[in-house]
Amino acid sequence: MRTLVVGIGNPILGSDSIGIRVANRIKKMLGKANGVEVTEFVGGGIKLAETILGYDRVILIDCVNNLGNGEDVMVVDNYNEIKGGDTGIFDAHDMDFITALEILKRACPEKTPKEIKIIAINCKSSPTFSENLPPHLYETLNKAINVVMEMIKND
Amino acid sequence: MKVIKIDPITRLEGEARISILLDDNGKVKDAFFQVMEFRGFERFCRGRPVEEMPRIVTRICGVCPWAHHMASGKTVDAVFGREPTETAKKIREIGYCAHMLDSHTVHFYFLAVPDLLVSPDAERGQRNVAYLGKIAPEVVKEILRQRRNITKIETIIGGKSIHPVCNVPGGVSKGLSEEEAKEIEEYAKDTLKFLDIWLEKWEKEILTKYEDLIYSDVYHQETYYMGIVGDGNTLNFYDGDIRVVDQRGKEVFRFKPEDYLNYISERVEEWSYTKFPYLKPIGWKGLVDGPDSGIYRVGPLGRLNVIDKISTEKAQEAYKRYIEAGGKPTHFSMFYHWARIIEMIYSCERILELITDEDITSKDTVNYDGDFVGEGVGVVEAPRGILYHHYKTDEKGLVEMANLIIPTTQNNPSISLEIKKAAQKLISNGEISEGILNRIEMAFRAYDPCLACSTHSLPGGLPLIVTVYDSNGALIKEIRRGGK
């Protein structure tokens, strides 16, 4: 099974970088021997959908401003649940990620991942230009890493 | 008075709002294109080693990172006083043409085509590429295959398809192998064949079917046009002089990139966070077109209006038919779409010219000689129009000043004017159907505005809102989607 972990965010936008930071830490923790692929991504829409083609399982990690349930980290098993929701994967330039994925399912069903999970991280703040993660998010960063590592431990 | 705000921004990068104000008779009194803005990117750059800039600026936007990387790379060349090697220039241009293809395919096939192949009056759910995938899955499959070709070229040249890292002061960090050159050639040939089909579809099918819409005075502005021209006033995305033509196509200004501040001023309006650039020597007369107004347009329409010819065969033939159909200059905003197809054909042909050049696999990819200058201006034609980067550094090469003038910002006055004109012509008696709203959306969608760039905000970071108000200022309609 081919698994891809995608950290989504912007490295120069403070809290928005947390998805990328989680992915980068996981990449180092896994080392080269592990079969899980880890990458980072800025944006969404069709380009994100194109990125995940050909994998069996995909884990997307992104931040949100506020999770409705107040949790720091939430695992979304069914991405349709967050359609129209509040994460950066809804790229406005071309189309939202969910729509893009539906297109790919029709055009290339054999390459569309069977399983997609979204790790939504509650940033509780608006992003500003900075290369540093706000201090209040370091604990959340570690929580998110543990959640993802638990998901891929048997790969 | 009624105020109508539309959500045409649902398929655009960044956040914006269109507000349309109706009077007591249901006629459009005024219309505004409003954009929220993050400020501070230029300040964020201060104190950084200038050679880091080409990699930092790609993070401004997930839509046109190559354009920022290229403009920044050229600016850093100038700061270091290094002229890139000929091989480096060719490699950069190949990557850049691939980016033009990447961006134009997203806009043309995912935004414009669904409007025109389905119908501008169709329901929102049917007016998108998802619906196209349902009724013609093989078409969408081929579009996706071609996009994979294009991103592979970007990856070979840039190291990454989305955020390239290839530009270094005086050249590129990596040359091309014979195998890579061959691979790029095959991709470009394949994509060129695909584009031939779509050019024919546009000229023989779409243009005929939507002649009234494309030539409608709803989508028509008589403005100035600005763009880069190569030798002999040819189309050139990477380098050249900057040419401005008037409403009759006559050259009124021609200048070098470093003189841009003598020709461009920026105005601030209290109702928008985005600036309103205009031609300094002409002046600002408000949101009106005509020879007395300094409003100018950039992007595919502007580029094909400032050039005299295209250096590649198929694109030049297509350009001739384009001029015959629209005149020169062409003032019809819907010609932006047609211009994109021609530019995609040019991009493929130009890649094929460059990739088969005998020097393309040379190892001479960086010029290390030059005298440090400490200031530079770099300009390229981004997919949406001319992009200016300007940096000043201290004696250690740390950035003291960074100024960026973004294509969508330059088109902002025209976009605002276009929306107002479209709303005034299409809405009467306060009746607003889905088809009318979409036709107003189409007024600015032609420009493919990248609001993440124009506001210096970042992709996916802002909510998307459309609202409508009545004559008493009461909200009568609001649509809100996406965003973070």
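The values are calculated or read from the model by the stated rules, or taken from the named source; none is laboratory data. This is a predicted model, so every value here is computed, not measured. Note: ideal-geometry Cβ built from the backbone for every residue, glycine included; neighbour counts use all protein chains shown.
Considering only region B:183-222, state which residues are farther than 30 Å from B:Ile415 by Cβ, in contact (Cβ under 8 Å) with a residue 24 or more places away in the chain and among the basic types (Lys, Arg). Of everything in region B:183-222, just one residue is farther than 30 Å from B:Ile415 by Cβ, in contact (Cβ under 8 Å) with a residue 24 or more places away in the chain and among the basic types (Lys, Arg), namely B:Lys189.
In region B:250-279, the qualifying residues are those that are outside any strand (DSSP E or B) and touching a helix residue (DSSP H, G or I) at 6+ places or on another chain (Cβ under 7 Å), and the one that is surrounded by the most Cβ atoms within 10 Å (Cβ to Cβ) is B:Thr274.
Let's see how each residue does on (1) at pLDDT 95 or above; (2) touching a His at 6+ places or on another chain (Cβ under 8 Å):
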site	(1), (2)
B:Lys209	no, no
B:Val218	no, no
B:Glu222	yes, yes
B:Gly227	yes, no
B:Arg254	yes, no
B:Ile264	yes, no
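Does B:Tyr260 count as farther than 27 Å from B:Ile345 by Cα and either in contact (Cβ under 8 Å) with a residue 40 or more places away in the chain or within 18 Å of the chain's Cα centre (by Cα) (or both)? For B:Tyr260, the condition - farther than 27 Å from B:Ile345 by Cα and either in contact (Cβ under 8 Å) with a residue 40 or more places away in the chain or within 18 Å of the chain's Cα centre (by Cα) (or both) - is met. A Cβ distance below 8 Å, combined with a sequence gap of six or more or placement on separate chains, defines the contacts here; from region B:130-144, residues that are over 10 Å from A:Ile103 (Cβ atoms) and facing another protein chain (nearest Cβ under 9 Å) reach no residue that is surrounded by 15 or more Cβ atoms within 10 Å (Cβ to Cβ) and charged (D, E, K, R). Residues that are touching a Leu at 6+ places or on another chain (Cβ under 9 Å) and in a loop (DSSP other than H, G, I, E, B) were ranked within region B:205-249; the one that is nearest to B:Ala382 (Cα to Cα) is B:Thr223. Of all residues in region A:1-46 being charged (D, E, K, R) and within 11 Å of another protein chain (Cβ to nearest Cβ), which is farthest from B:Arg147 (Cα to Cα)? Ranking the qualifying residues of region A:1-46, first place goes to A:Asp16. Show the residue pairs meeting these rules: Cβ distance below 7 Å; 6+ apart or different chains; first residue within region B:241-252 and more than 21 Å from B:Leu387 (Cβ to Cβ); second residue of a type in the set (Lys, Arg). That search, which allows pairs on different chains as well, returns B:Gly249/B:Lys328; B:Glu251/B:Arg243. The residues on offer are B:Asp23, B:Asp7, and the sole one that is in contact with a Lys or Arg (Cβ under 7 Å, 6 or more places away or on another chain), within 14 Å of another protein chain (Cβ to nearest Cβ) and modelled with pLDDT under 85 is B:Asp7. Residues in region A:5-17 that are over 10 Å from the mean Cα position of the chain (by Cα) and either under 18 Å from A:Glu150 (Cβ atoms) or β-branched (Val, Ile, Thr) (or both): A:Ile12 alone. Considering region B:69-167, the qualifying helices (runs of 4 or more DSSP H), each wholly inside and each with 2 or more residues that are modelled with pLDDT of 80 or more and buried (at least 24 other Cβ atoms within 10 Å of the Cβ), run over B:86-107, B:137-158.
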